[in-house]
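J.: Following this message is one structure expressed as structure tokens.
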Amino acid sequence: MVIIDEEEQGPGTVIGNVAKDARLGIEQVGTGGHGKKTNFRVLENSAPHLIDVDPTSGLLYTKQRIDRETLCKRNPKCQLSMEVFANDKEICMIKIDIQDINDNSPAFTSDQIDIDISENAVPGTRFPLTSAHDPDAGENGLKTYQITRDDYNLFSLEVKSRGDGTKFPELVIQRPLDREERNHHTLILSATDGGEYPRSGNMQINVKVIDSNDNSPVFDQPSYVVEIPENSPPGKVLIDLNATDPDEGNNGQVVYSFSGYAPERIRELFSIDSRTGVIKIQGEIDYEESPVIEIDIQAKDLGPNPIPGHCKVTVKVLDKNDNWPYIGFVSVRQGAISEAAPSGTVIALVRVTDKDSARNGQLQCRVLGNVPFKLEENYDNLYTVVTDRPLDRETQDEFNVTIVAKDNGIPPLNSTKSFTVKILDENDNVPRFTKSVYLLQIPENNIPGEYLGSVLAHDPDLGQNGTVYYSIVNSNVSGGDVNTYVNVNAANGAIYAVRSFNYEQIKYFDFKVLARDAGSPHLESNATVRISVLDVNDNIPVIVLPLLLNDTAEIHVPRNVGVGYIVTTVKAVDNDYGESGRLTYEISDGNEEHLFEIDPVTGEVRTAHPFWDDVNPIVELIIRVSDHGKPTLTAAARLIVKASNGRPPDGLPRTKDHQNWDMSLPLIVTLSIISIMLLAAMVTIAVKCKRENKEIRTYNCRIAEYSHPQLGKGKKKKINKNDIMLVQSEVEERDAMNVMNVVSSPSLATSPMYFDYQTRLPLSSPRSEVMYLKPTGNNLSVPQGHVGCHTSFTGPVTSTTDTPTNRMSIIQVR
């Protein structure tokens, strides 16, 4: 904006309103109401001692009286400049034109001057006069000159203008002078300005008419124009003037000099040889100071009453690219800038200037290097440094921004200036794991709390934004919470086992680990962890075939079966896997005569000697089953191979040329049938024991018969447990080791019925085994009074007419 203000205003005078002129809106100004509080910050002020802006209201005011003549001297344009940053987002360029008022009168350097003029001076002869000075500018400046008190109309005044616009008077002789008639004339020179109320200044001119020197020096030209580059070296010849005077002797000898009224600055820049008229440079010629210089030269002879000749030398200074561009920071952002700042964020305000003119002063500015900043030109060589693209502190957290300004001169000159921009961290990076899937292995039977491995996530952010915490994502593993299997250290990502793992129960499981930073808002990512449980040889082989009793099995082999006859197949199972579950069979002892051999893979035991039974009819072989784990685990069984006179069962292979068949399926079927029968027996006994007394003896006994008078009548009879007698059978007396007889009660049948075991059963047999009984002969007598056990029970008993031969009992030994 441009503001016009008259000079001589007192301090505190309001000369403008930045808020109003910038169209910020009334509601934004001030602190009252609901409007946003505005602020005005002065970025640059060419006259901070004279003007300022109120930071709240935006009023532009004077700080002291402004005198245009003191501030700008003879400059026709007097202007102050100011840059104001409004609301930290708008830059207001303020130009204040100081308007001149006619407060100064033209003034001469002296009140009077003396001029000697020969009486022979011809009409038209000119005499330059000193100029008046008026500090005011424009219309209020010096406008014209006039001469008064010329009673005889001998003189006139001619006003001329110089190249810079200043005016100077020349005294012109209008009529011949006659010293004898009048030798002195007094004139008044008046200088008048062009103000509304004109002011003037006077100077007295004393003209003395002297005796004549007939001819005056005359220059070849009344004016000269010379071009010279600025910064020309001292001593360089500017021009060689020549003036001639036809008189002889001293009257014709010409002396050169600057005009008596030449400015002092001319005498500092140039010198003139009084005898030759050669003008040389002796000061520093600067185009930026004065592009055009006018020199008034006079030449006069050495005769009496000389009349000088005059000429004007106009020096045009040629601009040279001798000024380096200047880069000045008007404002630089304080503190770091957020990496989340959008493109176009203002970083700094820069002013670039060059004192040279034309193309030497034309500037090209840019930001040096591949940095995310650029320059935007505003006006009047003011540039804004803004962000050019998104910032990333993790890529680079500090930039050295260098601004280069180059002019278009030949050769071009350039300047650089730098400042530092620091980038403030934002939580813009998600923690990233080093792997998407982590594979961890642990042997089974580990110790709870054992270290399994670690996950690692990197977050390049700083501070809390880059601090990563780990946790396990809730999930289920084999129907259980994953946190009951493993846990993770929240700080370092170390994973520990919570329980001991069993390879036979779980071979591997997957879960996810979450990595979350501590920034706001939180950013997170996850990775999959697979825990593989390694099999350890922790299961001893178990021999399932043949059925062992106290790790012993008795095998009956017919005689004369030849070589290769399959005596039995040893079958073992191992719950381990791989090498730990691969089994090898061998005969470790009892086969010194090499009567038998065993297949190390299938476990088939075969005859290896055609007459093994002649060598040893009863052979005790120690079969050892070993796995291939580390360490190796073994199981052993004792096979008692006995020779029998029977023939080999039909269908059984007798030689090695038989077809191998898998024993797994028959074994499974057999075990399943046994399990079902055991379950049925247990249920039956449980129901029966619920009705009867639960006290069951563990020793061998039989039920003694007892008599009843009403047995044959077929009537129902109530019996007590006292009516039942357990006695030892005669068979048991003969073979007390393996045979047990059970005698039915006379109340249940007409005659006792006996049952014998059909297999040998040690007394140390497990309680879960079931014994099957079959009827024996009825010729056994029950000794009277031999009671093996006695118990009592109550409850009705229903008689039955079932025949003894159709009854079968099952006794479970506990």
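J.: Once the whole set of protein chains is in place, how much accessible area is left on Lys167, using a 1.4 Å probe, in Å² to the nearest 10?
T.: So the heavy atoms of Lys167 present about 70 Å² to solvent.
J.: Okay, moving on. Under a 1.4 angstrom probe, counting protein chains only, how are Asp510, Asp245 ranked by accessible area, largest first?
T.: Asp510, Asp245
J.: Okay, next question. Tally Lys/Arg at +1 and Asp/Glu at -1 over every other residue whose Cβ is under 12 Å from the Cβ of Val529; what's the total?
T.: Around Val529, the surrounding residues sum to +2.
J.: Also, quick follow-up: Could you work out how far the C-alpha centroid of the range 166-216 sits from that of the range 384-458, in angstrom?
T.: Centre-to-centre (Cα) distance: 84 Å.
J.: Separate question: Can you give me the P(r) profile for the range 201-334? Cα pairs, bins 10 angstrom wide beginning at 0, each as a whole percent.
T.: Computed distribution, short to long bins: 11, 34, 25, 16, 7, 4, 2, 1, 0.
J.: Largest first, what is the accessible-area ranking of Ser131, Ser118 with a 1.4 Å probe?
T.: Ranked list, largest accessible area first: Ser131, Ser118.
J.: Also, I was wondering about something else. Quick one: if the Förster radius is 45 Å, what FRET efficiency do Asn153 and Gln79 give, using the C-beta to C-beta distance and rounding to 0.05?
T.: FRET efficiency, Asn153 to Gln79: 0.45.
J.: Be a star and scan the range 122-160 for residues whose amide nitrogen sits under 20 Å from the point 7 Å along the Cα-to-Cβ vector of Tyr197.
T.: Zone members listed by number: 134-144.
J.: Here's another thing I want to ask about it. List, in order, the whole-Hz ³J(HN,Hα) value for each residue of the range 325-331 obtained from phi through the Karplus relation with A = 6.51, B = -1.76, C = 1.60 and θ = phi - 60°; use x for Gly and Pro.
T.: Taking θ as phi minus 60°, the curve returns x, 10, 10, x, 8, 6, 7 Hz for the range 325-331.
J.: So how far, in whole Å, is the C-alpha centre of the range 545-617 from the one of the range 263-310?
T.: Here the answer is 140 Å between Cα centres.
J.: Could you rank Ser271, Ser190 by how accessible they are, 1.4 Å probe, largest area first?
T.: Ser271, Ser190
J.: Net charge around Val404, counting only other residues with Cβ within less than 12 Å of its Cβ (Lys, Arg = +1; Asp, Glu = -1)?
T.: +2
J.: For the range 542-644, what Kirkwood radius comes out of the mean inverse Cα-Cα distance, in Å?
T.: For the range 542-644, inverting the mean 1/r across all distinct Cα pairs yields 13.8 Å.
J.: To continue, here is another question. Could I have the simple spin-label model distance between Glu524 and Asn400, label points 7 Å from Cα toward Cβ, reported in nm to one decimal?
T.: 4.4 nm
J.: Taking the Cα-to-Cβ direction at Asp240 and at Gln464 and moving 7 Å from each Cα, how far apart do the two end points lie in nm?
T.: In this crude spin-label approximation the distance works out to 8.8 nm.
J.: On average, how much accessible surface per residue is there in the range 326-420, in Å², for a 1.4 Å probe, leaving out ligands, DNA and RNA?
T.: Per-residue value: 51 Å².
J.: Quick one: which residues, 5 or more positions from Lys300 or on another chain, have an amide H under 5 Å from its amide H? H modelled 1.01 Å from N in the peptide plane, none for Pro or chain starts.
T.: Val255, Gly309
J.: I need the phi-derived Karplus couplings for the range 95-105: 6.51 cos²θ - 1.76 cosθ + 1.60, θ = phi - 60°, integer Hz, Gly and Pro marked x.
T.: 10, 10, 8, 7, 7, 6, 10, 7, 10, 10, 9
J.: Any idea of Ser644's accessible area? Nearest 10 Å², probe 1.4 Å.
T.: Approximately 30 Å² for this residue.
J.: Could you work out the relative contact order of the range 62-176, using alpha carbon pairs under 8 angstrom and six or more residues apart, expressed as a whole percent?
T.: The normalised contact order for the range 62-176 reaches 24 percent.
J.: In addition: Counting only residues 5 or more places away or on other chains, whose amide H sits under 5 Å from the amide H of Cys92 once H atoms are built in the peptide plane?
T.: Here the answer is Val84, Phe85, Ala86, since their amide H atoms fall under 5 Å of that of Cys92.
J.: Shifting gears a bit: Tell me which residues come under 5 Å, amide H to amide H, from Val315 once H is placed; ignore anything under 5 positions away on its chain.
T.: Val226, Ile293, Glu294, Ile295
J.: Turning to a different aspect of this structure: R0 = 41 Å: FRET efficiency of Arg389 with Lys435, Cβ-based, nearest 0.05?
T.: Given R0 = 41 Å and the Cβ-Cβ separation, E is 0.80.
J.: What distance in nm separates the simple spin-label points at Val669 and Thr632, each placed 7 Å from Cα in the Cβ direction?
T.: Result for the modelled spin labels: 3.5 nm.
J.: Lys and Arg at +1, Asp and Glu at -1: add these up for the other residues within a Cβ distance under 15 Å of Ala635 and post the number.
T.: Net charge around Ala635: -3.
J.: Okay, next question. Relative contact order of the range 432-534: what whole-number percent is it, with Cα pairs under 8 angstrom and at least 6 residues apart?
T.: It comes to 38 percent, rounded to a whole number.
The values are calculated or read from the model by the stated rules, or taken from the named source; none is laboratory data. No experiment lies behind these values; they were computed from the predicted model shown. Cβ coordinates were reconstructed from backbone atoms using ideal geometry, including for glycine residues, and neighbour counts include every protein chain displayed. Ligands, DNA and RNA are stripped out before the accessible areas are found, and what is left, the full protein with its side chains, is counted by its heavy atoms. Shrake-Rupley method; radii C 1.70, N 1.55, O 1.52, S 1.80 Å.
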